[in-house]
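Below is one structure; the comments refer to it alone.
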Amino acid sequence: MNETNLLELLDERKFKELKEELGNMYPVDIAALLEEVDERQIVLIFRLLGKEEAAETFTYMSSETREFLINALTDSELEEVMDEMYLDDTVDVLEEMPANVVDRLLMATDEETRKQINALLQYPEDSAGSVMNIDYVSFRKEMTVEEAILKIRQVGINRETIYTCYVTEKKKLIGWVDIKDLLTSSESKTIEEIMDTNVLYAHTHDDQEDVASMIRKYGLVAIPIVDNEMCMVGIVTVDDAMIVLQEEATEDISMMAGVSPNDDSYFGTSVWRHALSRIPWLLFLMLSATASGLLLAYYENAMSAMPILITLIPMLMGTGGNCGSQSSTLMIRGLAVGEIRFKDIFRVIFKELRIALIVGAVLSVANGIRIYIMYNDIKLGIVIGVTIIAIVCMAKVVGCTLPLIAKRIGLDPALMATPLISTLLDTGTILVYFAIVTMMFKL
């Protein structure tokens with residue numbers, strides 16, 4: 001049923017039919033529906049949901065809708081939602097809410113849950129500990145398969161995943177068991193006999209993007225998180241990893257466009273905040289371009305002697321910027337997926353130089369023909385052709401090395417993207433262009 005039909009049921013107060021239709025929908029789709037209706041309808045629809053469905057829908061909502069709903073629900077309703085939510089989702093919600101809303105949410109949880117929430121909130125932002133879930137299934141190695149399956153039946157309903165279970169000894173992680181191995185093994189076997197001791201794990205203070213990349217690389221449903229003493233404290237699941245990778249990709253795209261990263265949605269961010277997030281980079285890049293202006297002033301006599309040189313500057317600057325952006329984008333992507341590392345820098349430079357020679361040759365021939373047709377000047381066409389090859393080589397080297405260097409010194413490689421690369425290469429292009437022109441034409 002589409003959104004219009006659901007709203008018709010709501011307007012006609014056919015709550016029984018509406019509740020049945022909502023029961024057939026996915027929580028993420030219900031959350032999207034709540035973003036489209038007015039505030040009165042949000043509360044009505046949410047109250048028709050079952051406890052588990054309401055809790056899951058709550059995690060998919062925008063910060064603004066969550067905050068409104070928290071203020072609209074009664075204490076008992078809010079407590080039901082909080083009881084059904086997994087702890088990592090609760091922490092994510094709390095991190096986005098203002099202080100007064102956080103206080104109300106914490107009041108809706110029991111003392112033990114509050115202690116667990118506070119412990120998770122103490123982990124550094126963007127660390128594995130900040131996104132992990134402490135609800136997982138653990139076994140002792142001496143347990144039998146029968147006992148392990150019984151435990152899953154008893155506690156599995158309150159765990160985020162039961163597909164991968166972990167074996168601990170005095171809280172230390174010593175192995176893991178796949179649910180398939182449990183169900184296909186003899187009930188008399190011990191966990192020690194079927195467990196795998198080759199465990200992939202991460203530490204609480206590891207970067208969450210690195211942990212998410214491990215989950216993606218090894219195709220894991222979840223990865224165990226341990227503290228400095230190798231004691232298991234939680235897991236990061238594949239759904240959390242997907243959210244982390246999406247957030248990191250959004251941040252990289254923002255930085256590549258010269259915009260300060262923002263966790264809120266486009267429409268959820270005010271015009272004033274949008275402007276503030278863009279001004280710093282634009283101001284920096286504008287002032288950085290002053291160097292290009294000074295260089296043009298320095299070569300004023302050369303341009304006066306050959307005015308045609310001025311008309312070719314935009315084309316050369318654009319070519320250099322575009323070539324550099326191509327290389328930097330590929331490097332940023334390669335670094336993000338672990339395909340390229342800093343130790344590969346000389347291999348990368350050698351490859352990009354060979355690419356640059358091919359690209360530069362094609363562009364210089366095409367441009368030489370254009371200049372000959374437009375200006376009937378073979379020498380100028382040759383000079384500009386040589387300049388293009390030099391500029392493309394320079395741009396490719398700069399574009400591929402800056403992200404690698406940024407990664408090496410601990411900066412986000414996405415900083416070395418289109419805006420910054422283009423600004424740097426504009427200055428370099430003018431230097432190369434006039435160095436070649438003044439030498440060839442004796443200006």
**Complete:** Membrane-span-like helices (DSSP H runs, Cα span along own axis at least 20 Å, mean Kyte-Doolittle at least 1.6) in the chain -> 378-408
**Complete:** Expressed in square angstrom to the nearest 10, the accessible area of MET286 with a 1.4 Å probe stands at 120 Å²
**Request:** Along Cα→Cβ, 7 Å out, is where each label goes; now give me the distance between the ones at GLU169 and ASP11 in nm to one decimal.
**Result:** 6.7 nm
**Fill in**
In nanometres, the difference between 0.36 nm per residue of separation and the alpha-carbon distance of THR269 and ASP126 is 49.3 nm
**Request:** State the Kirkwood hydrodynamic radius of the chain in Å, one decimal place, computed from all pairs of distinct Cα atoms.
**Result:** 26.5 Å
**Request:** Among the trypsin sites (Lys or Arg not before Pro) in the range 9-81, which ones are in a DSSP loop with at most 13 other Cβ atoms within 10 Å of the Cβ? Mind listing them?
**Result:** ARG13, LYS14
**Prompt:** Going from most exposed to least, what order do LEU283, LEU245, LEU425 have by accessible area with a 1.4 Å probe?
**Reply:** LEU283, LEU245, LEU425
**Asked** If r is the Cβ-Cβ distance from SER277 to ALA32 and R0 is 22 Å, what FRET efficiency results, to the nearest 0.05?
**Response** 0.30
**Message:** Rounded to the nearest 20 debye, what is the charge dipole size of the range 1-57 about its Cα centre when +1 sits on each Lys and Arg Cβ and -1 on each Asp and Glu Cβ?
**Reply:** 320 debye
**Request:** Quick one, can you get me the convex hull of the C-alpha atoms of the range 21-142 expressed as volume per residue in Å³?
**Result:** 136 Å³
**Complete:** If R0 = 41 Å, then VAL155 and GLN41, at their Cβ-Cβ distance, give a FRET efficiency to the nearest 0.05 of 0.65
**Request:** Quick one: which residues, 5 or more positions from LEU173 or on another chain, have an amide H under 5 Å from its amide H? H modelled 1.01 Å from N in the peptide plane, none for Pro or chain starts.
**Result:** MET232
**Prompt:** Among the aspartates and glutamates, which have Cα under 15 Å from the Cα of LYS442 when same-chain residues fewer than 8 positions away are ignored?
**Reply:** GLU300
**Rounded to the nearest 10 Å², the accessible area of LEU296 at probe 1.4 Å** = 50 Å²
**Request:** Report the percentage of all Cα-Cα pairs in the range 62-132 whose separation exceeds 20 Å, rounded to a whole percent.
**Result:** 23 percent
**Item:** Order of exposure, largest accessible area first, which applies to THR311, THR59, THR329 with probe 1.4 Å
**Value:** THR311, THR329, THR59
**Item:** Estimated FRET transfer efficiency (GLN246, LYS442; beta-carbon r; R0 60 Å; 0.05)
**Value:** 0.55
**Message:** Using a 1.4 angstrom probe on the protein heavy atoms only, could you order VAL199, VAL211 from most to least accessible area?
**Reply:** VAL199, VAL211
**Complete:** Filtered hits (lysines, Cα-Cα < 20 Å from LYS189, offset >= 8 within chain) -> LYS141, LYS151, LYS180
**Message:** Please compute the Kirkwood hydrodynamic radius of the range 125-251 from all pairs of different C-alpha atoms, in Å with one decimal.
**Reply:** 14.9 Å
**Request:** Would you be so kind as to identify which of GLY320, ILE409, THR168 lies farthest towards the positive end of the dipole of the chain, taking Lys and Arg as +1 and Asp and Glu as -1 on Cβ and the Cα centre as origin?
**Result:** GLY320
**Message:** Based on C-alpha coordinates, I'd like the Rg and Dmax of the range 358-443, in Å.
**Reply:** 15.7, 51
**Prompt:** What is the magnitude of the charge dipole of the range 53-177 about its Cα centre, with +1 placed on the Cβ of each Lys and Arg, -1 on the Cβ of each Asp and Glu, and no other charges, expressed in debye to the nearest 20?
**Reply:** 880 debye
**Kirkwood estimate for the range 300-443, i.e. one over the average of 1/r between Cα atoms, Å** = 15.8 Å
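The values are calculated or read from the model by the stated rules, or taken from the named source; none is laboratory data. What you see is a predicted model; the values in this text were computed from it and never measured. Quick reminder, even Gly has a Cβ in these numbers, built from the backbone with ideal geometry, and neighbours come from all protein chains shown. Keep in mind that these areas ignore ligands, DNA and RNA; they rest on the heavy atoms of the full protein, side chains included. Shrake-Rupley method; radii C 1.70, N 1.55, O 1.52, S 1.80 Å.
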